[in-house]
Amino acid sequence: NRAFRRLLGIEAAEDRWHDIDLTERIEPDDRARLAAFHASVCTLEPGTTSELIEMRARGADGSLRTCELSAIQVEIGGALTLIASGRDVTEAKRMRAKLLVSDRMASLGTLAAGIAHEINNPLAYVAGNLEAMAEALQPARRSETLADGEELAAVVNDARDGAERVRRIV
């Protein structure tokens, strides 16, 4: 019908429409599923709606469109007629995928913030204690054990530098 042709971007004069094979527009991986869907709908009791399936079709511009299809058999003028209905869900699927990525990024950010918090808490104790040790070593550096005091002060300064590096990384 016209709606399906519009979906696929196919413009053909009404008298040339029968020359176009729409099954060629269906993605090869989906053709067997579409045939099975058609066969299963034909076995349903009249008036029973089929289950919903997804299929992909290639537009005239080469773009891939995803459609949801359902079908029903109804009696029209004494003859069973299969009526299929579809809707384009390409944009909805794209937005869902984008939302999923956004949700994953938010989760990753929350995880990173939690880890940073868990590292920063004990790091604050370590940095505070190293600062207190450095201040306590000031008198020892001036005393007669100058060499020992200098060495101990250098070790504490190295530890403070390491703690500050970890803080910057976090």
| said: Output wanted: per-residue J couplings in Hz (rounded whole) for the stretch 160-169, from phi through Karplus 6.51 cos²θ - 1.76 cosθ + 1.60, θ = phi - 60°, x for Gly and Pro. | reply: 5, 4, x, 5, 5, 5, 4, 4, 5, 4
| said: With every atom except the alpha carbons ignored, what do you get for Rg and Dmax of the stretch 48-170, in angstroms? | reply: 34.4, 115
| field | Listed residue (Leu7, Ala57, Leu22) projecting farthest to the positive dipole end of the stretch 1-73, Cβ model | value | Leu7
| query | Residues with amide H under 5 Å of Gly9's amide H, sequence separation 5 or more or different chain, H placed in the peptide plane at 1.01 Å from N; which? | reply | Ala60
| task | Determine ³J(HN,Hα), in whole Hz, for all residues of the stretch 25-35 in sequence, where each value follows from phi through the Karplus function 6.51 cos²θ - 1.76 cosθ + 1.60 and θ = phi - 60°; x replaces Gly and Pro. | result | 7, 6, 4, x, 5, 9, 5, 5, 5, 5, 5
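Can you tell me which of 109-116, 49-56, 26-33, 75-82 comes out highest on packing, and rank the rest after it, using the mean Cβ neighbours within 10 Å?
The peptides rank, most packed first, as 49-56, 26-33, 109-116, 75-82.
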| Can you list the HN-Hα couplings for the stretch 79-85, worked out from phi with the Karplus curve (6.51, -1.76, 1.60; θ = phi - 60°), rounded to whole Hz and with x for Gly and Pro? | 10, 6, 10, 8, 10, 10, 10
| remark: Taking Cα atoms only, helix 90-142 is inclined relative to the longest principal axis of the chain by an angle, in degrees rounded to 10, of 0 degrees
| field | Nonlocal amide H pairs with Val89, under 5 Å, H built at 1.01 Å | value | Thr66, Cys67, Glu68
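Every read-out reported here was derived from the displayed coordinates using simple, explicitly stated rules and does not represent laboratory data. All values derive from a computational prediction rather than experimental measurement. Ideal geometry is used to build each Cβ from the backbone, glycine not excepted, and the neighbour counts take in all protein chains shown.
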